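What follows is a set of notes on a single structure, which appears directly below.
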Amino acid sequence: MSDPDSRTSATPPARPADELVLAALERAARHQAREDPAVPVWAILEHLAVPPRSGAARHVGTRLAAMHAAGLLERSRRHGAQTWALTDAGARRLHEARGAGGLAALPESPQHRAWRLAHTAAAHEIERFRDALHERLGRAGRTLESHAPPHSDAWLELAEELQRACRRLASASYCLYEWAEPDDARADVDERLDPADEALEPAERARRRTRRAGRRNVRLWDDLPGPLER
């Protein structure tokens, strides 16, 4: 399926038109991990790049209620939060706007922004992460060659630091070299799978999937000081 909203706008609209709100709702539903056409308002605002508690956000809330009254949207609740979904009439309205060429471009999608920021951060940090791991490997070698037997705590501390340094470098490597730029026609969910996994035994496949958890989470990169930060 091709993405009807492949064009993006760098500037979020101050007062999004109804058709753009419908397009943001449709894309938010498409990018959900769950197969559910209903999305909360915060997801619609994210796809419009509209800050919560802003004048533009209040405008969107007003237009959602008006479009619901006009039969373009369905309103429901999920886990106590109000959600919105396109009706057939809403989908036709959006399709007609696209066909007429009058639909403005949506801002960059949240999933593409997450990929772009992670890719850029990895390119900037990966050499520092390599240096940090190299420093710890060197310290492990020096500890191993020490004439006086090191205290067991030294090995336990090194084990923790080496594991964190390796995971941080693995995450940056994945974000830079392996995470493909997402296609906004579908949700970009990390299933933690690799084509080569098909050749593995089920138990090994499961172990690899477990190890890959969190590899897109760049916030975890800050949990370990670099080689010059100790």
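For the reader, a short list of remarks on this structure follows.
- In degrees, nearest ten, helix 202-211 long axis to first principal axis of the chain (Cα): 90 degrees
- Ranked 87, 62, 120, criterion: other C-beta atoms within 10 Å, fewest first: 62, 120, 87
- Where only DSSP H runs of four or more residues are counted, the chain gives -17000 deg cm²/dmol as its mean residue ellipticity at 222 nm, each run worth -39500 (n - 2.57).
- Counting beta carbons within 10 Å around each of 155, 84 and listing the fewest first gives the order 155, 84.
- Fewest-first sequence of 96, 198, 125, 135 by Cβ atoms within 10 Å of each Cβ: 198, 96, 135, 125
- Charged neighbours of residue 176, selected by a Cβ distance under 14 Å, balance to +2 (K, R count +1; D, E count -1).
- From most to least packed by mean Cβ count within 10 Å, the peptides 180-186, 67-73 give 67-73, 180-186.
- Estimated distance in nm for a label pair at residue 190 and residue 75, the labels positioned 7 Å out from Cα along Cα-to-Cβ: 3.8 nm
- Whole-Hz couplings from phi, Karplus 6.51/-1.76/1.60, listed for segment 169-179; x for Gly and Pro: 5, 4, 5, 5, 5, 4, 5, 8, 10, 10, 7
Any read-out appearing in this document is the output of simple, stated calculations on the displayed coordinates, not a laboratory observation. What you see is a predicted model; the values in this text were computed from it and never measured. Glycine gets a Cβ as well: all are built from the backbone with ideal geometry, and neighbour counts include every protein chain shown.
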